[in-house]
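Chemist: The structure that follows is given in the form of structure tokens.
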Amino acid sequence: MLKSAFLKFRSLNLTAIALILGLAVLIGSLSSFAVSNAAAICIPVVPGQIHRFIAGQDSCLTPMTATEINRKLNDPFATALLRQGIFPQSVSEIADAIDNSELTFQRSSFALGEGSQIEAAVIDRKQPRNLRSVITWEQRRNNPEILLAASLGGNSNVHQIISQDTQTNKFNFYELRRQRQASEETPKVWTWTGDSTLAQNPQTMGKGCFSCHHNGVLIMKELLKPWNNWQSEDATIAGENVAEAVANDPFFRNQVINGGQALERAVKNGARNHYRQWLNSHIQDNGDTIQLNDVNEMLRHLTTNTTLNFESSLTQSDINKTDSANRQEISRIPNNLFLWDSALKQRPLGLSYRMPNLKIQRANYDAYLTQHQFKLVQTESSLPDNSNPLYQVNGSTHFSFFVPVPSFEDEFMSTELRQRNIVSDKFIVALLMVDFKNPVFSQKRSSLQQYADRIPTGTIVNGVSSVPEDFAVQVRTAINEQPACDPNHLDDCTAEAQFLSLWDLPADRWKTIAEQRIQTYLDSITALSPAEQLDWLMQLSIKRRDQFQSWPTLCNLNEFNLLIPQTDLSQVPRPVCH
């Protein structure tokens, strides 16, 4: 979503602006815009007016009324541009409009692409590599007030923006788009496509912008070092390996060299601010009693993966690209591949256990990739099609063991809920220990959300929350109808039985028991032979990636087919999610 205009903006009393245009958001959005009436006949759009199209609710683009605009569009993007009659039509026009305004922001550019590390000596530089850019403007360091993303090389068709209304703490989503059923000759208009509150609305969830922005906030899939597909301190995107038009793009030439980590801080700051303010709006202090609302939405971050991130080892897959220290072995495999280590072991929970120090011999790793036909395949569309690929490159992702892991958003909410006494340490651990060997894509743990949905409200009296016990009561009622659980085979027990097995322990035992269960699991991995460890790790990585590509609420994050390597071990038919 983008704008045009080179007018001087009047001074704006803005405490924060957050505009995000995400290519990663875009493809998923365009592919999943749903309409409530596919047979609807849509009237032509009206240039120079703001329109509305909310996927799942609207059949056609419709001009917004003045009342609707005044009530809903009070974010900086709307107040500074759209409501002033400024309608940019290209990426460069947006950049010029911001730079020439009275908003004295510092501009930075970041580059990424799933094929960004494929060398021109292997695949001609003219071949597509999904290269795109994120441009930010900020006044305070690591707090960009404007973020905009677009494909690199000119003529970007990506025109999407997210803008934060700091009064309501909602993100508004916009797209520059044509009317449904209209030809390419018809004009595009700026269209409001919803706000954060619609991300979990049953009618709009998983549709339009919310097919990627699952919680209605800013996202960055590769939010953790070494940022597999980003220009960063750990990986440089060389101009000679990308198309000439990309190499000459000013947003590529002016990119921040250590980009990945800088944008990571910005996205995390945006999420922290959003969730803190969201919680504030759902907590009412009445003196002796604190009232909690939408408790079920709070607990979703513990029972399910509301979204996810990707993480990898720090060692490159290609021996020819890594440094001498990492040529003989691959180590520092993400702990969150094994269990939700960053939540369980780190503060505030601080469980004590020893992670296995696995080191995979390079020769064995390379042989495994060859034996099982690992390859990156680029096709003409965003969906994989092995029948006629544009090109393929043997091997895996730039950094090894690139896998989906629990999201920063869910982990941050876990911490906030605990710090605000909404849930206890014991309650969090009891939930996370349900099917704990599957920190993502756990059907068992996700099934517990049904009990959270039965307690939409709660209270905190004298620092004690009603939420944990209210939840446990619901679980205890359900377990009466279930078969008995064998404590010696807890993994085979129901989610309810696993939760209560820890929740019902006394205060001086639950933490020790949780640590022992985790350590027994990790020791079983350490006990494997080197060959068995390699096969176990590779099979687990493939399983996680297969689940990602087929998990109904998350698979739309798989926008580009170079994101995940193909292999003969994959059990997922392609394409899976679109």
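Chemist: Largest first and in whole Å, what are the equivalent-ellipsoid semi-axes of the stretch 317-465 based on the Cα gyration tensor, each being the root of 5 times an eigenvalue? Each step should come with its number before you reach the end.
Modeler: On the way: eigenvalues 317, 91, 30 Å².
So the equivalent ellipsoid measures 40, 21, 12 Å along its semi-axes.
Chemist: To continue, here is another question. Label GLU244 and ASN364 with points 7 Å out from Cα along Cα→Cβ: what is the distance between them in nm?
Modeler: In this crude label model, GLU244 to ASN364 measures out at 4.8 nm.
Chemist: If only Cα atoms are counted, what is the Rg of the stretch 106-190, and what is its Dmax, in Å?
Modeler: Both quantities, over Cα of the stretch 106-190: 16.8, 52 Å.
Chemist: Here is a follow-up. Using 0.36 nm times the number of residues separating GLN49 and TYR391, minus their current alpha carbon distance, what extension gain do you get?
Modeler: Values: separation 342, 0.36 × 342 = 123.12 nm, distance 4.31 nm.
Length gained between GLN49 and TYR391: 118.8 nm.
Chemist: Turning to a different aspect of this structure: For the stretch 37-140, just the Cα set please: Rg and Dmax, both in angstrom.
Modeler: 19.2, 58
Chemist: Moving on. What is the gain in length, in nm to one decimal, between TRP536 and ASN280 on full extension, counting 0.36 nm per residue of separation less the C-alpha to C-alpha distance?
Modeler: Taking TRP536 through ASN280 to full extension adds about 87.8 nm, to one decimal.
Chemist: Rounded to the nearest 0.05, what FRET efficiency do ASP425 and GLN167 have when you use their Cβ-Cβ distance and R0 = 45 Å? It would help to have the intermediate numbers written out before the result.
Modeler: Working: r = 35 Å, r/R0 = 0.78.
Plugging the Cβ-Cβ distance into 1/(1 + (r/R0)^6) gives 0.80.
Chemist: About its Cα centre, how strong a charge dipole does the stretch 198-355 have in debye, to the nearest 20, once Lys and Arg get +1 and Asp and Glu get -1 at the Cβ?
Modeler: Around 300 debye, computed over the stretch 198-355.
Chemist: Right, another one. Which value does Rg/Rh take for the stretch 23-263 over its C-alpha atoms, Rh per Kirkwood?
Modeler: That ratio is 0.97, to two decimals.
Chemist: Roughly how compact is the stretch 404-521, stated as its Cα Rg over 2.2 N^0.38 Å to two decimals?
Modeler: Values: Rg = 14.1 Å, N = 118, 2.2 N^0.38 = 13.5 Å.
That ratio works out to 1.05.
Chemist: Once every DSSP H run of n ≥ 4 in the chain is given -39500 (n - 2.57) and the sum is divided by its residues, what mean residue ellipticity at 222 nm do you get, rounded to the nearest 500 deg cm²/dmol?
Modeler: Mean residue ellipticity, 222 nm, calculated: -8500 deg cm²/dmol.
Chemist: Efficiency by 1/(1 + (r/R0)^6): what FRET value for ASP294 and ARG71, r their Cβ-Cβ distance, R0 = 22 Å, to the nearest 0.05?
Modeler: Between ASP294 and ARG71 the formula returns 0.50.
Chemist: Let me ask something additional. No solvent, one uniform scatterer per C-alpha: report log10 I(q)/I(0) for the stretch 41-102 via the Debye equation at q = 0.18, 0.20, 0.22, 0.29 1/Å, two decimals.
Modeler: These q points yield log10 I(q)/I(0) values of -0.76, -0.90, -1.01, -1.26.
Chemist: With r defined as the distance between the Cβ atoms of GLU184 and ARG272 and R0 fixed at 56 Å, what FRET efficiency is calculated, to the nearest 0.05?
Modeler: Using R0 = 56 Å, I get an efficiency of 0.85.
Chemist: For GLU380 paired with THR457, estimate the spin-label separation in nm (one decimal), with each label point 7 Å from Cα along the Cα-to-Cβ line.
Modeler: Reported label-point gap for GLU380 and THR457 is 5.8 nm.
Chemist: Students often get this wrong, so try it: which of (i) 1.42; (ii) 0.99; (iii) 1.17 is Cα Rg over 2.2 N^0.38 Å as calculated from the structure shown?
Modeler: (ii)
Chemist: For the cross-link pairs LYS72/LYS225; LYS207/LYS426; LYS170/LYS444; LYS221/LYS444; LYS359/LYS444, which exceed 27 Å when the distance is taken from alpha carbon to alpha carbon?
Modeler: The answer is LYS72/LYS225; LYS207/LYS426; LYS170/LYS444; LYS359/LYS444.
Chemist: Counting Lys and Arg as +1 and Asp and Glu as -1, what is the net charge of the other residues whose Cβ lies under 15 Å from the Cβ of ALA484? Numbers along the way, then the final one.
Modeler: On the way: positive: ARG476; negative: GLU481, ASP486, ASP492, GLU496, ASP504.
Taking every Cβ under 15 Å from that of ALA484, the sum is -4.
Chemist: Under unit Cβ charges (Lys, Arg +1; Asp, Glu -1), what dipole magnitude, rounded to 20 debye, does the chain have relative to its Cα centre?
Modeler: 760 debye
Chemist: Follow-up question, since we're still on this one. Want the number for VAL473 to THR104: 0.36 nm per residue separation, take away the alpha-carbon distance, what's left?
Modeler: Computed gain between VAL473 and THR104 is 127.3 nm.
Chemist: Modelling each spin label as a point 7 Å along the Cα-to-Cβ direction, I'd like the LYS225/ASN488 distance in nm, to one decimal.
Modeler: 4.5 nm
Chemist: If you don't mind, another one. May I have the convex hull volume per residue, in Å³, for the Cα set of the stretch 282-557?
Modeler: In the stretch 282-557, the Cα convex hull volume per residue is 158 Å³.
Readers should treat all values here as calculations from the given coordinates under stated rules, not as data from a laboratory. Owing to the predicted nature of the structure, the values given are computational and were not obtained by experimental measurement. Cβ: placed from backbone, ideal geometry, glycine included. Neighbour counts: every protein chain shown.
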